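Everything below concerns the one structure shown next.
The values are calculated or read from the model by the stated rules, or taken from the named source; none is laboratory data. All of these numbers come straight from a predicted model, not from anything done at the bench. Note that each Cβ is placed from the backbone with ideal geometry, even for glycine, and that neighbours are counted across all protein chains shown. The protein model used for the area step is the full one, side chains on, heavy atoms only, and it has no ligands, DNA or RNA in it. Shrake-Rupley method; radii C 1.70, N 1.55, O 1.52, S 1.80 Å.
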Amino acid sequence: MAKRKLTSLRSVLLRYLLLCGGGCALILVLWWVIFMQLINIGFLLPAVASAQACADARETVASMTADTFDSLQISDLCRWAVVQNDTVLQTNMDDRHLKIALNAFHGGSGNPGYQYDVKMADGSFCLLQYDYATPYADPALRDTLPDFQTCYILLLAVLILVWLGWQTHCTVRVFAAETACLHRAVDAIAAQQPEHIDAYGARLREFSATLHAMQTMGRELTDSLQSQWRMEQQRAEQIAALTHDLKTPLSIIQGNADLLAEDALSANQQTQVEAILRGTDRAQQYLAALRTACAPPATGETFPSHTLVSELAETARALCAPAGVQLILNEQWQGTLCAAQCDLLRAAENLLDNAVRYTPRGGTVTLLVTKEKQDFILRVTDTGPGFTAEALARAGELLYTEAARSDTAHQGFGLYFARRVALSHSGTLRLSNTPGGCAELRLPICEQIEK
């Protein structure tokens with residue numbers, strides 16, 4: 001693929017700022033030029049036209065009385081009101097402007113700079129009010145159309161906002177295209193296919209460097225995962241071979257111990273034979289657990305989740321009753337699962353067994369079954385002491401047992417098997433303290449089944 005010419009992020013941002021600023025300046029210049037042209041061709045009057053009209057009307061109004069007042073001699077650019085003894089005799093103002101005029105006339109707040117208080121010949125007053133604005137030159141347009149100046153300023157604001165919005169949209173599209181390359185790279189790394197990362201697909205130099213780094217990281221991560229997988233496979237094969245090799249000598253020892261037990265033995269000899277038998281039984285249990293832990297995942301099948309929960313509830317009750325532990329079953333969701341039912345059942349039973357084992361008598365074990373988005377959640381919590389920091393970091397490793405909790409019945413296979421089941425179903429096993437122990441098995445639900 002041909003390498004693209006790269007642009008720096010600084011250049012993109014500088015271009016955005018220049019286009020925004022330059023475009024706004026150009027819009028303002030064109031807006032002003034058109035505004036002045038409308039005044040020059042006589043479509044609009046200058047902003048001082050209203051003030052000049054009111055100034056010219058002062059002398060005319062001063063010679064009138066309240067009875068001889070003639071509004072036709074006053075320009076329609078002015079607003080006026082005839083006041084005699086605080087009574088408004090005539091006016092062309094609306095209520096708002098009249099209130100402002102009277103307030104200013106009596107010395108209150110208002111806008112006296114845009115108002116003339118003219119004393120008439122009979123002692124009455126004519127209040128002349130004007131706006132410093134650019135009105136239409138045609139009186140008919142002033143009566144029918146909205147205020148030009150306000151509309152024209154709004155037009156300027158709209159044009160500037162549209163221009164800024166368009167430039168922002170174009171710049172966002174540039175960044176969206178770059179981030180899309182990063183998303184595709186992340187998906188390729190998640191799929192362990194770093195060769196599918198298009199390191200030359202970005203147009204920005206900083207994003208291109210990130211893609212190259214992600215490509216390198218993806219390759220190293222994939223190599224590491226493959227190496228780890230090969231090591232686990234090799235270890236599983238070695239353990240399987242070891243268990244197979246140990247099976248025969250253990251069977252010989254157990255068989256001979258059984259034969260010795262049938263003979264007439266002294267009390268001392270009988271005790272020693274029984275110890276041998278107990279040891280071989282325990283060794284056989286260890287070998288069986290090893291074979292199960294290293295066995296390949298079972299084939300997935302479709303089954304109702306409630307069937308799994310019912311079996312788990314029976315197992316949990318059988319575990320809790322002798323230990324004096326209370327069981328709380330909280331089944332919030334029922335649906336259809338696509339998984340290896342036997343493996344999933346055994347993994348969940350291991351979590352329950354661990355919870356009951358480390359919960360003191362009188363404590364509580366809670367089994368929660370629910371759904372979050374498209375994930376099936378099976379969570380086991382207890383009121384025991386919880387996990388140590390080391391256990392949270394290492395639990396799930398093959399043959400790992402906590403030093404403070406190690407006993408003859410706990411060989412470190414339970415959480416390892418649960419973790420393998422979760423991974424084989426593209427799920428996770430999460431351990432935490434709440435503050436008691438909490439083990440959560442999270443598996444994705446098949447979309448086609450949910451539909």
- Can you find even one residue in segment 117-133 that is in contact (Cβ under 8 Å) with a residue 24 or more places away in the chain, open to solvent by 40 Å² or more (accessible area, probe 1.4 Å) and in a helix (DSSP H, G or I)? no
- Filter segment 124-163 for residues that are closer than 22 Å to Thr91 by Cβ and touching a strand residue (DSSP E or B) at 6+ places or on another chain (Cβ under 6 Å) and give the result. Ser124, Phe125, Cys126, Leu127, Leu128, Gln129, Arg142
- Note on the structure: Within segment 10-55, residues surrounded by fewer than 12 Cβ atoms within 10 Å (Cβ to Cβ) and of a type in the set (D, E, K, R) come out as Arg10
- Where in segment 318-416 are there strands (runs of 3 or more DSSP E), lying wholly inside it, with at least 3 residues that are at pLDDT 90 or above? 326-331, 364-372, 375-382
- Which one is farthest from Ser224 (Cα to Cα), of the residues in segment 182-205 that are part of a loop (DSSP other than H, G, I, E, B) and not aliphatic (A, V, I, L, M)? Arg203
- For segment 155-178, how many residues are within 26 Å of His212 (Cβ to Cβ) and exposed (fewer than 13 other Cβ atoms within 10 Å of the Cβ)? 3
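Against the condition in contact (Cβ under 8 Å) with a residue 60 or more places away in the chain, surrounded by 14 or more Cβ atoms within 10 Å (Cβ to Cβ), in a strand (DSSP E or B) and not small (Gly, Ala, Ser), how does Tyr152 come out, does it pass?
So Tyr152 does not fit the description; no.
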